[in-house]
Amino acid sequence: MSVQRTEVAVLGAGPAGIAAALAAARAGARVTILDESPAPGGQIYRQPPDAFRLRRPEALGKEYARAQQLTRELAASSAQFLPATMVWGVEADKTLLLYREGGGASALKAEALIVATGAYDRPIAFPGWTLPGVWTAGGAQAMLKSERILPGRRVLVAGAGPLLLPVAKALVEAGATVAGVVEATTRLEWALHSHRMLGHWERMGDAVRYEAALLRARVPRFFGHVVVRAEGADRVERATIAAVDRQWRPRPGSERTFDVDLLCIGYGFLSSMELPRLLGCELRYHGAQGQHLPRHTAEMESSVPGVFVAGETTGIGGADLALAEGRLAGLAAAHLLGHPWGAERQQEMVAAQARRRHQLGFARILDELFAMRPGIHELAAPDTPLCRCEEITVAEVQAAVRRGARTVRAVKGATRVGQGPCQGRICHTLVAHLVARETGRPVGEVLDITPRPPIKPVPLEVLAGLAEEKAGIEP
Amino acid sequence: MREEAGREPVVERGEPLDLLVDGEVIRAHLGETIAGALTAAGRRVFRHAPRTGAPRGVFCGIGVCFECLVTVEGMGRVRSCMVLVRPGMRVSLRAEAEASGGERATH
């Protein structure tokens, strides 16, 4: 296996990763940036593939224009981009173990790492959530944004948070009928937070545009409601919603059922924490976001020297915050490696820190308004799978707890929860909430997962090759 | 369904190509993922979960959940939402269990 060398390795080519790569490269560092996707951009700045030709780029909006600008800057920079490349392990000397689908294994030794691996839709389990046609809101948006493919014709969009509106708007524009946008929080709760959003004009303008588009398309809105189940033979055919109380527990007698062929679920996001965990970064539990996040300095350095974190890796905050953090991390990594540091760089750093503080203010408002409430973790029935990979149900997890398992790791040992190909990414918070409820312990304490490589499934021959090399055997 | 149906398209798709899915020809375009092409062709069930046989399909759409695994000749089991279609590509939704050379290590 070949070992390449670089100074700064940036993991993830979304807004944070690209901003980090550009800043570090500008500051004189040799930079390699990689992503699992075939093209840079990440989720927010997803673009149609190169093989497509744009007829009406104006229809793609300002996000597309920003994405284009960033990816063009990346292409013009000295940073090297590795597409379709997954990191499945990392060694203490910052050697990354890489695998490219269909292209084989390699290794990359870096002097500084910037983890900008983004986030994914927070999974919420309810009866029927594994049926084909139940998609995450982010997944539907991704397919619409890049491939321009519509995953359903009659759609319910449900969850909590600011993603529901753009997803519903994109579905309408692509020709779907949106039967409803179902939001767990209430209009009153939005109104009570609105004064704090003053000063964040751009974000408020976006919201107004989404609202107007949904009004024009006569999309019904349901506030204070959640999806309680999905049903269908081999794919989703019906989705049922119910009004909820302040703790998001369904009110009896308030159910209403819709015929749908696509149910999009979006309850905010979870940050991808596998690499920070694997690298040994110190984490703390963030209650409002309901997840562990890495501690870091004002320069975005984690508790592990030379390992920086940026973007959604530090907590959910959106693209503008990610851009500021990426720039900070890129500059700081270059500085750490001894690249020239003048007044200009210092100014750039100070400006990025100010932008970060401003965006962080908005993120905290969203955290509070859209934080999960207990009822949402009680929707799953005894026979609902929590671990989709290994098909482990609520009842099986409860049985493991009764037999003495008091943490996620203990349940994993007892039931195979989280041992499938997704490595617990989808189920770990769901299992944690159930274990916490059953044991009466805080979620942050029962969530004790420790990823081991390979953190993503790789062909056995890749591991075998590495083992032979370590043993000094030439393949 | 590709979004163009009956409206002015935002994009002109890549070159058309045939994807062979368990012997059936599915029309796809360069630039699409396997999951996208299958979705556009109306496919929703990509596999059946090994323990209960429950139908599964695309869930996260961004490579996290591994629900959309399919078998591609020469590549083994892949996340169909992360792999672009190629001319002559042969995909199987059935062969998941007996795929040769595609076994993946988890732990």
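We did not get these values from a lab; they are worked out from the coordinates using the rules stated. Not measured: the values here are computed from a predicted model. When we count neighbours, we look across all protein chains shown, and the Cβ atoms used for this are built from the backbone with ideal geometry, even at glycine.
Taking 0.36 nm per residue of separation and subtracting the Cα-Cα distance, full extension of the segment from A:Leu460 to A:Arg5 would add 161.3 nm.
Only the Cβ atoms of Lys and Arg (+1) and of Asp and Glu (-1) were treated as charged; on that basis the dipole of the protein assembly as shown about its Cα centre amounts to roughly 1140 debye.
Placing pseudo-labels 7 Å out from each Cα toward the beta carbon at A:Arg441 and A:Asp383 gives an inter-label distance of 3.1 nm.
Helix content alone sets the calculated 222 nm mean residue ellipticity of chain A: runs of n ≥ 4 DSSP H residues at -39500 (n - 2.57) each, divided across all residues, give -10500 deg cm²/dmol. Stretched out straight at 0.36 nm per residue, the stretch from A:Ala75 to A:Ser303 would grow longer than its current Cα-Cα span by 78.9 nm. Each peptide in A:13-25, B:15-27 gets a packing score, the mean of other Cβ atoms within 10 Å over its residues, and the list from highest to lowest is A:13-25, B:15-27. Our note on the geometry: Cα centres of the stretch A:215-278 and the stretch A:5-59, 32 Å apart. Averaged over peptide A:128-141, the number of partner chain Cβ atoms lying within 10 Å of each residue's Cβ comes to 5. The simple spin-label model puts a point 7 Å past each Cα toward its Cβ; for A:Ser194 and A:Glu63 those points are separated by 2.4 nm.
With 10 angstrom as the radius, rank A:Trp88, A:Trp190 by how many other C-beta atoms surround their C-beta, starting from the fewest.
A:Trp190, A:Trp88
Peptide A:41-54 has a mean shielding of 4, counted as Cβ atoms of other protein chains within 10 Å of each residue's Cβ. Spin-label model, A:Ala351 to A:Asp259: label points 7 Å out along the Cα-to-beta-carbon direction sit 5.7 nm apart. For chain A, lysine pairs with C-alpha atoms less than 30 angstrom apart, excluding pairs fewer than eight positions apart on the same chain, total 13. Can you tally the net charge around A:Gly152? Count Lys and Arg as +1, Asp and Glu as -1, for every other residue whose Cβ sits under 10 Å from the Cβ of A:Gly152. Its environment carries a net charge of +3.
The mean number of Cβ atoms from other chains found within 10 Å of a Cβ in peptide A:148-155 is 6, as a whole number.
For chain A, A:Cys264, A:Cys281, A:Cys389, A:Cys422 stand unpaired, since no other cysteine beta carbon lies under 4.7 Å from theirs. Ranking of A:His335, A:His193, B:His29 by neighbouring Cβ atoms within 10 Å, starting from the fewest: A:His193, A:His335, B:His29. Using Cα pairs under 8 angstrom and six or more residues apart, how large is the relative contact order of the stretch B:16-99, in percent? With pairs under 8 Å counted, the relative contact order is 35 percent.
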